[in-house]
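Below is one structure, written out as structure tokens, with a few remarks after it.
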Amino acid sequence: MTATKKIGKEDVIFARVTLLGKELVHLRLQGIESLREINSRIEQSICNPLVRFIEVNIRNFSQGWTRRYTYTLSA
């Protein structure tokens with residue numbers, strides 16, 4: 001994460017996960033301090049073991065920034 005896109009424990013984070021344009025998971029998170037924690041929560045939320053490559057859109061509602069990236073789930 002760049003210096004301008006920090007995550008604080010008090011921030012409200014929305015994470016939307018899609019696969020080929022279809023929404024798999026939509027999370028509202030608080031108390032998160034890193035992108036690693038967000039990815040961990042996403043992995044816990046996806047039940048389908050066949051899903052590997054996903055697109056993640058994160059919105060930090062408290063600070064007003066968004067970030068989109070492709071993520072490969074752990075095997």
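The values are calculated or read from the model by the stated rules, or taken from the named source; none is laboratory data. If you're wondering where the values come from, they're calculated on a predicted model, not measured in any experiment. For neighbour counting, all protein chains shown are included, and Cβ atoms are generated from backbone atoms with ideal geometry for every residue, glycine included. Only protein heavy atoms, including side chains, enter the accessible area calculation; ligands, DNA and RNA are left aside. Shrake-Rupley method; radii C 1.70, N 1.55, O 1.52, S 1.80 Å.
Evaluated at q = 0.11, 0.16, 0.22, 0.23 Å⁻¹, the base-10 log of the normalised Debye intensity for the chain, with identical point scatterers placed on the Cα atoms, takes the values -0.25, -0.53, -0.97, -1.05. Overall, the accessible surface of the chain at a probe of 1.4 angstrom is composed of carbon and sulfur to the extent of 50 percent. The stretch between L19 and S40, if pulled fully straight at 0.36 nm per residue, gains 5.8 nm over its current Cα-Cα span. Only Cα pairs under 8 Å and 6+ residues apart enter the sum, and on that basis the relative contact order of segment 6-75 stands at 34 percent. Report summary: the helix-based calculation at 222 nm, which adds -39500 (n - 2.57) for every DSSP H run with n ≥ 4 and divides by the residues of the chain, gives -4500 deg cm²/dmol. Working ranking of peptides 54-60, 23-29 by packing, defined as the average number of other Cβ atoms within 10 Å per residue, highest first, is 54-60, 23-29. For the pair E55 and R67, the difference between a 0.36 nm per residue extended length and the Cα-Cα distance amounts to 3.3 nm.
Could you please state, rounded to a whole Å, how far the C-alpha centre of segment 42-58 is from the C-alpha centre of segment 17-40? So the two Cα centres are separated by 8 Å.
Taking a Cβ cut-off of under 13 Å around Y71, the surrounding Lys, Arg, Asp and Glu residues balance to a net charge of +4, with basic ones at +1 and acidic ones at -1. For the residues Q63, Q30, Q44, a GNM of the chain with alpha-carbon springs under 10 Å puts the largest fluctuation on Q44. Relative to the longest principal axis of the Cα atoms of the chain, helix 35-45 runs at roughly 40 degrees. Probing with 1.4 Å while keeping every protein chain in the model, the per residue accessible area of the chain equals 67 Å².
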